[in-house]
Amino acid sequence: MTALPLHTRHPRRFEQNRFVYPVLSRRSEGISIGVNLNPDKVCNFDCIYCQVDRTRQSETQFVETQQLLEELGSVLDLCASGSIFQHEKFQDTPVSFRRLNDIAFSGDGEPTTFKNFDEIVADCAALKRERGLDDVKLVLITNASMFHREHVKRGLSILDENNGEIWAKLEAGTQEYFQLVDRTPIPFRQILDNITAAAKVRPLVIQALFMRVNSEPPSATELSAFCDRLNQITEAGGKLTLIQVYTVARRPAESYVAPLSDDEVDAIVDLVKSRTGLGAKAYYGATS
Ligand code: SF4
């Protein structure tokens, strides 16, 4: 099929989308297609640094599966044909970034709380397979709170079979700091057990966001405890491929939250590497 100019084929097509949104990701050096399974913006965590704007209610409250799959199919086609780079939003994309890297289940809440999580993962994987996009990853960005549920376990297995990657959030070493930052009734122990169990089945990536809370960076004791938790996961047989160390990049939920400096992020990366022997990478405040 000849690739027609984007505005001819789908006038502002993806900008009208409600569930699927392509973004240029410097981190993945290509396009990442976000799939939002939480349009109602409800989450089972209430992180003090959350960047989802909950001051305004979303017009879309429920996932409409058929609509979501149509949007994903359409964006996959735009990426596969290269037409997406004719759109004003992507026309300045450097040549080396003109590639589709992944489909990411992320969005405005915790994706695994979606009740048909396993089915939607299977359907999205099928759309990717039908187009022969086997190199494109399926990434799950998650707080790991629901890994013990059967339908979530099934969803994780489907990810494994379709070039999946799981990025699980862990950014505390103690129950107290976990509660301060993530503000959820779910116990820290449950999160640790879930990450350990999932990491025994396939390697996981850990996402750790550290910040200043009331001007205070995480204490040396807390960071040491964080490294202890990572070591406990690997000593129990869990595989962790990378620890991504972040800080706040956009406006956080609470005004008393502020980013760490680049040097502070680097120091945490060095600490994680030396205390755990795991790979760790820094992502600074301005990284998208
Ligand atoms: S888990 Fe993610 S979406 Fe939920 S409150 Fe925390 S940062 Fe926000």
What is the extension gain from Ser96 to Glu161, computed as 0.36 nm multiplied by their sequence separation minus the C-alpha to C-alpha distance, in nm to one decimal?
-> 20.6 nm
Taking the chain as a Gaussian network, Cα atoms linked when under 10 Å apart, which of Gly107, Gly30, Gly277 shows the biggest mean-square fluctuation?
-> Gly277
How much accessible surface area, in Å² rounded to 10, belongs to the heavy atoms of Tyr49 with a 1.4 Å probe?
-> 20 Å²
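Of the beta bridges DSSP finds with both residues in the range 92-238, what % are antiparallel, to the nearest 5? List each step's numbers first, then the result.
Values: 1 of 13 bridges.
Percentage antiparallel, nearest 5: 10.
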For the range 245-288, the Rg and Dmax computed from alpha carbons only, in angstrom = 11.6, 35
Part-to-part distance (alpha-carbon centres) for the range 150-188 and the range 225-288, which is given in Å | 15 Å
Sum of side-chain charges, Arg183 neighbourhood, beta-carbon under 14 Å (Lys, Arg +1; Asp, Glu -1) | -4
For n ≥ 4 DSSP H runs only, could you compute -39500 (n - 2.57) per run for the chain, divide by its residues and tell me the 222 nm figure to the nearest 500?
-> -11000 deg cm²/dmol
Summing +1 per Lys or Arg and -1 per Asp or Glu among the other residues with Cβ less than 11 Å from Pro94's Cβ gives +1
If you check each cysteine of the chain for another cysteine whose beta-carbon is under 4.7 Å away, which ones come up empty?
-> Cys43, Cys79, Cys124, Cys227
Leaving ligands, DNA and RNA out of it, report the carbon-plus-sulfur percent of the accessible area of the chain at a 1.4 Å probe.
-> 50 percent
So how exposed is Asp270, as accessible area in Å² (1.4 Å probe, rounded to 10)?
-> 90 Å²
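Give the accessible surface of the chain per residue, rounded to a whole number of Å², with probe radius 1.4 Å and ligands, DNA and RNA excluded.
Averaged over the residues of the chain, the accessible area is 47 Å².
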Where nothing but the Cβ of Lys and Arg (+1) and of Asp and Glu (-1) is charged, how large is the charge dipole of the range 223-284 around its Cα centre, in debye to the nearest 20?
-> 280 debye
Suppose R0 equals 25 Å; then what is the FRET efficiency for Asp263 and Val23 from their Cβ-Cβ distance, rounded to the nearest 0.05?
-> 0.35
Rank Asp182, Asp53, Asp108 by mean-square fluctuation in a GNM of the chain with C-alpha springs under 10 angstrom and give only the top-ranked residue.
-> Asp53
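The values are calculated or read from the model by the stated rules, or taken from the named source; none is laboratory data. Note that this is a predicted model, so its numbers are computed, not measured. Heads up, the Cβs are rebuilt from the backbone with ideal geometry, glycines too, and the neighbour counts pull from every protein chain shown. With ligands, DNA and RNA removed, areas are computed over all heavy atoms of the protein, side chains included. Shrake-Rupley method; radii C 1.70, N 1.55, O 1.52, S 1.80 Å.
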